[in-house]
1. Mind listing whichever residues of segment 108-122 are modelled with pLDDT of 85 or more and out of contact with any helix residue (DSSP H, G or I) (no Cβ under 8 Å at 6 or more places or on another chain)?
2. Just give me the residues in segment 117-130 being within 23 Å of residue 40 (Cβ to Cβ), of a type in the set (D, E, K, R) and either in contact with a Cys (Cβ under 8 Å, 6 or more places away or on another chain) or exposed (fewer than 14 other Cβ atoms within 10 Å of the Cβ) (or both), in sequence order.
3. Given the residues 181, 201, 142, 207, which is the only one that is in contact with a Gly (Cβ under 8 Å, 6 or more places away or on another chain) and surrounded by fewer than 18 Cβ atoms within 10 Å (Cβ to Cβ)?
4. Would you call residue 114 farther than 30 Å from residue 182 by Cβ and surrounded by 11 or more Cβ atoms within 10 Å (Cβ to Cβ)?
5. Residue 186: surrounded by 14 or more Cβ atoms within 10 Å (Cβ to Cβ), among the β-branched types (Val, Ile, Thr) and in a helix (DSSP H, G or I), yes or no?
6. Any idea which of 179, 156, 170 is more than 26 Å from residue 126 (Cβ to Cβ), among the β-branched types (Val, Ile, Thr) and part of a helix (DSSP H, G or I)?
7. Tell me, which helices (runs of 4 or more DSSP H) wholly within segment 35-151 include 3 or more residues that are without any contact (Cβ under 8 Å) to a residue 60 or more places away in the chain and within 24 Å of the chain's Cα centre (by Cα)?
Amino acid sequence: MSTQPDPGATPTSPSEHVPVLAEDRPREAAPGTTVRRFWAVRRIPAALLAAVVLGGAGLLLYDVAAVRAEHSAMAWRRSLADDLASRPLDDVWVLIGAGVAAVLGIWLLVLALTPGLRSVLPMRREHADVRAGLDREAAGLALRDRAMEVSGVQSVRVRTGRSKVNVRAVSHFRELDEVRADLETVLAGGIDELGLAHPPALTVRVARPPRKG
């Protein structure tokens, strides 16, 4: 027995029969989600430290194994041990060595506890599974292009930091207060459109071009 299609039925496309799973949809970030800075990998400091530690530990272990095998210790280790045993704690070279070791230790702690990547500004999280960042130089170029659209602006220099944007403009006509007000309005909108998680404060300075001659 064959069946005939109903001529009055509405045709359906194959995509209408594919269920959309909840996990396939991007999850929206919860309101008030804390956006943190990106952490740097720091491959070069880690590689240098690993090379120094590996070389020193390998050399020391080799010398200790040689002594255990009834060979004489290396001259540098005997000289270093004798020198450290004979020098007082207030010796200049002892203090310099201790200071260098302390500075290196503090530097390594700072690298381990700080995120780094100061050139990347974190952006607002629209979805919980997506993190985005904007390069500070790119943000400065975008704001500079917006500032150049203001009437009366001859040149602009933008310095973008993590918490502050400094704008210095040169106006060759119009009143400086009017140009400054327009720049503040335009750049405030431009900063908001960048979508940064922590919008930086804006500082605008406008001056006349230097006189020639």
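1. Within segment 108-122, the first condition is being modelled with pLDDT of 85 or more, and the residues that meet it are 120-122.
Result: 122, single match.
2. 118, 129
3. Values: 181 fails: in contact with a Gly (Cβ under 8 Å, 6 or more places away or on another chain); 201 fails: in contact with a Gly (Cβ under 8 Å, 6 or more places away or on another chain); 207 fails: in contact with a Gly (Cβ under 8 Å, 6 or more places away or on another chain).
Matching residue, one of 181, 201, 142, 207: 142.
4. On the way: farther than 30 Å from residue 182 by Cβ: yes; surrounded by 11 or more Cβ atoms within 10 Å (Cβ to Cβ): yes.
Yes: the conditions hold for residue 114.
5. Numbers: surrounded by 14 or more Cβ atoms within 10 Å (Cβ to Cβ): yes; among the β-branched types (Val, Ile, Thr): yes; in a helix (DSSP H, G or I): yes.
Yes, satisfied.
6. On the way: 156 fails: part of a helix (DSSP H, G or I); 170 fails: part of a helix (DSSP H, G or I).
Testing whether each residue is more than 26 Å from residue 126 (Cβ to Cβ), among the β-branched types (Val, Ile, Thr) and part of a helix (DSSP H, G or I) leaves just 179.
7. On the way: elements: 43-68, 75-86, 92-113, 136-148.
Output list reads 43-68, 92-113, 136-148.
Quick grid of which residues meet (1) of a type in the set (Asp, Glu); (2) more than 23 Å from the chain's Cα centre (by Cα):
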residue	(1), (2)
164	no, no
182	yes, yes
186	no, yes
189	no, yes
195	no, no
201	no, no
204	no, yes
210	no, yes
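The values are calculated or read from the model by the stated rules, or taken from the named source; none is laboratory data. These figures come from a predicted structure and were not determined experimentally. Counting neighbours? That spans all protein chains shown, and the Cβs are built from the backbone with ideal geometry, glycine included.
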